[in-house]
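Before any comments, here is the structure.
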Amino acid sequence: MCHYSCLPFDDDVIDCIISFLPDFESLGATIRTSKAFLRVFHAHENTILQEMCIHIIGPILPYALRVARFENANKDPDLEDGVVWFEVQDVGPETDQLGTIASGEVKYLLKHASDMRKFEDLFSLNYKNMASPSSLLTADESFRFQRAMYRIILFSRLFPLKVYKEDFAEDEVEDVRAFHEEFLQCFNTRELQELYAVCKSLSLLVFHVCHSNGIGDDTPPWVGHALIAAGPSTILKLYEIQDHKLVTLPLQGPWGKVNDVDIGDWLNPLNGYLHDPLCQILEAQQAKLDELTYPTVILDSYEDGPSRCDHCGSDFLKYHFWNKDNWSMMKYGYDDFGSLRYPERFLKGLLLENKTEWPFYASIFDVENFDYVGLMNGLFEVKLERFGKWEPEHWACSTCVATFISENLHHLLWKLHEEEWEKPGDPIRYNCLNGYSCKLQLSNPIHAKNNNHFFDPKRVTTPRVKGCSNIDADAFLGEWKYSEPRGDTDSDDE
């Protein structure tokens, strides 16, 4: 039956409009604009939710829904001795029949869909095309990747981190590992290979998280398994936050402190978690993947990226390569000494300890909103002569990028200091002959305020006058021009 009011549409048209809204925020706004829209939504709520989920999540919806239904059904599980145990039979079968989608399940669907887009972007960046921060996966590649990822999420929910206690008996270990294999035996060889490829990509993200925070070499091998058991979303959060203090937080679980538990003991089934049973099954089927070609089970094709750094010739094995196409992703990069996310660590000498400049640094180095593209463009404008052959289009490994930033950052900061920080009429700032190595800048605020330390020591010796050209400054200062510093101490700075 059609209902007409002030709207020139019947109920079928309104139902169609609502069903094709791009997201649930738009749905909420739309049904509040008119009683007719609200009435139609309540009359066809189940079908509208299902249609919207199909549009938003796509053909992967049956696999996403399987995870969401398990999570929604077990959001308040019964506890036995503080530990939640599930069996493979507790998970519904994979089926294309969607059934009725409950409103409680929608919350989990949307949460995983958001994470899935980010995971796919990172997988594409690492394996498909490192020049594009957005996913370039085809529809088939995206389906394979997301199907494997949802199965891994379900595995982490079925066997969550908190069930892996410290005092496993040997027979218990065998039982738990048998449960792991029982879940995986449901899939064919190709699907197991896809699981292995995505599992390896998650391990790479864990490596990024640990190494970019300076703890890569000291990270026990079980950390990657434990973080996958904590849930792939945990890995994504750590990857985005890049805070070493949070890396071990999800691992504390029932043990209190990670260091108190020998989780690396072979008797703990968390050691090897998903990776080991996958390898055992694939080896038994003689289908184990090569360590270098495993992404090809997900990808039909991939762009031929750089194989070597254009500046040092190093192989593309350990780090990202960077050029102007992916500078925006540099906050996820790292070199041998830490994360590229914190460019202030590249300041030379004692500059970072100069408290007088801290307000200036705070205005530049805003980690949450830092403009890495602007940083690199600025560095290329002030680059030293020895970097004359460097161009933004060239591919550079993380080590070369770190060197480039370190050698040029203080020159860029002095330019920004003059252009954006200093005000007309401010006193002349003389070039301290000891440059960024000057110790007096730490103990004498007046010296730190009145002198420029953003340059190489014993190189530039001419005081600079704001608003004057170099020639005018030389003529004006005359006798202040020195070819050599007046000693190795800082007493010449006042």
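When GLU422 is tested against (1) out of contact with any strand residue (DSSP E or B) (no Cβ under 9 Å at 6 or more places or on another chain); (2) more than 15 Å from ASN354 (Cα to Cα); (3) not polar (S, T, N, Q), just one condition goes unmet, and that condition is (1). When residues in the stretch 339-358 are screened for being surrounded by fewer than 18 Cβ atoms within 10 Å (Cβ to Cβ) and either outside the structural domain of HIS410 (by TED's automatic domain parsing) or modelled with pLDDT under 85 (or both), 3 of them pass. In the stretch 386-416, how many residues are buried (at least 17 other Cβ atoms within 10 Å of the Cβ) and in a loop (DSSP other than H, G, I, E, B)? Selection size over the stretch 386-416: 2.
Of the residues making up the stretch 437-459, those that are surrounded by 16 or more Cβ atoms within 10 Å (Cβ to Cβ), within 15 Å of LYS355 (Cβ to Cβ) and either outside the structural domain of TYR361 (by TED's automatic domain parsing) or in contact (Cβ under 8 Å) with a residue 60 or more places away in the chain (or both) are CYS438, GLN441, ALA448, HIS453. In the set (1) surrounded by 11 or more Cβ atoms within 10 Å (Cβ to Cβ); (2) free of Cβ contacts under 8 Å to residues at least 60 places away in the same chain, the condition left unmet by GLU419 is number (1). Of everything in the stretch 114-141 that is under 15 Å from the mean Cα position of the chain (by Cα) and basic (Lys, Arg), the residue that is nearest to ASN326 (Cα to Cα) is LYS118. Filtering the stretch 303-338 to residues that are at pLDDT 75 or above and part of a loop (DSSP other than H, G, I, E, B) leaves CYS309, ASP310, HIS311, CYS312, GLY313, SER314, ASN323, LYS324, ASP325, ASN326.
When residues in the stretch 422-450 are screened for being part of a helix (DSSP H, G or I) and in contact with a Pro (Cβ under 9 Å, 6 or more places away or on another chain), 5 of them pass. Scan the stretch 340-351 and give yes if some residue there is in a loop (DSSP other than H, G, I, E, B), of a type outside the set (Lys, Arg), at negative phi and out of contact with any Phe, Trp or Tyr (no Cβ under 9 Å at 6 or more places or on another chain), otherwise no. No, every residue in the stretch 340-351 fails to be in a loop (DSSP other than H, G, I, E, B), of a type outside the set (Lys, Arg), at negative phi and out of contact with any Phe, Trp or Tyr (no Cβ under 9 Å at 6 or more places or on another chain).
The values are calculated or read from the model by the stated rules, or taken from the named source; none is laboratory data. Given the structure is predicted, the values throughout are model-derived calculations rather than measurements. All Cβ positions, even for glycine, are placed from backbone atoms using ideal geometry, and neighbour counts span all protein chains on display.
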